[in-house]
Amino acid sequence: MNISETISSRWSPRAFDPEQPISLETLALIFEAARWAPSSGNGQPWNFIVGHNFDKCHQDILATLNEGNQIWAQNAPVLLISVAKLSRNDRPNRFAFHDVGLATENLILQATELGLFCHFMGGFSADKAREVFSIPVDYEPVAAGAIGHMGNINSLPDNLREREISPRERKPFDEFIFTKEWNNSLPLPKI
């Protein structure tokens, strides 16, 4: 048994090619995938602010990123910020971040299937995003993201290039899948 090739090939690079724009049709496919994500009570609490092919919105999103992320994200033709609506039916929605994550993963997998790469990051100023984009009080900026074609890793500074070529690692099952009580690992076979 193998997991989906789309899932196993998904990778979050830092090297993006600024010479390969992303069409609006491609963005429509990516966001259609996000639109079909499951959500608690079908609340669909996700919103996305999108800067496309280095437009003014792209520059505004770039300005919300921390300096370390600006170094590489500036080359991605699409920058975005995911935003969660924190209420549903006039009550707090404690599942909003979970649901935005599901929509984001659908977006990432669709982009991967189209031969694109995505890199989402927490290194941005939610407060600055709220101010620049007039995000209402009952909404919360969740993450920033970059989408584009793979670029040349040699264009990155040495420290980032090293991170690009390091092996991808994931926790083993026994560190995050439990049964009966916390830290009691479910004995799953290795895949």
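The values are calculated or read from the model by the stated rules, or taken from the named source; none is laboratory data. All figures in this text were calculated on a predicted structure; none of them were measured in a lab. Don't worry about glycine lacking a Cβ; one is built from the backbone with ideal geometry, like all the others, and counts go over all protein chains shown. What goes into the accessible areas is simple: the full protein's heavy atoms, side chains included, and nothing from ligands, DNA or RNA. Shrake-Rupley method; radii C 1.70, N 1.55, O 1.52, S 1.80 Å.
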Mind checking which pairs have a first residue in the stretch 173-191 that is in contact (Cβ under 8 Å) with a residue 12 or more places away in the chain and a second that is in a loop (DSSP other than H, G, I, E, B) and open to solvent by 80 Å² or more (accessible area, probe 1.4 Å), Cβ under 7 Å, 6 or more apart or different chains?
-> 191/1
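Table: residues versus (1) touching a residue at least 60 places away in the same chain (Cβ under 8 Å); (2) of a type in the set (Ser, Thr, Tyr); (3) under 29 Å from residue 15 (Cβ atoms); (4) in contact with a Ser or Thr (Cβ under 7 Å, 6 or more places away or on another chain).
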site: 57; (1), (2), (3), (4): no, no, yes, no
site: 67; (1), (2), (3), (4): no, no, yes, no
site: 88; (1), (2), (3), (4): no, no, no, no
site: 95; (1), (2), (3), (4): no, no, no, yes
What helices (runs of 4 or more DSSP H) completely inside the stretch 17-129 contain at least 2 residues that are of a type in the set (Asp, Glu) and either open to solvent by less than 20 Å² (accessible area, probe 1.4 Å) or closer than 28 Å to residue 156 by Cα (or both)?
-> 96-113
For the stretch 1-14, indicate whether the set of residues that are assigned to a loop (DSSP other than H, G, I, E, B), among the aromatic types (Phe, Trp, Tyr), touching a residue at least 12 places away in the same chain (Cβ under 8 Å) and touching a strand residue (DSSP E or B) at 6+ places or on another chain (Cβ under 7 Å) is non-empty.
-> yes
Residues satisfying the stated conditions in the stretch 1-16, i.e. over 22 Å from residue 160 (Cβ atoms) and surrounded by fewer than 13 Cβ atoms within 10 Å (Cβ to Cβ) = 1, 2, 3, 4, 5, 7, 8
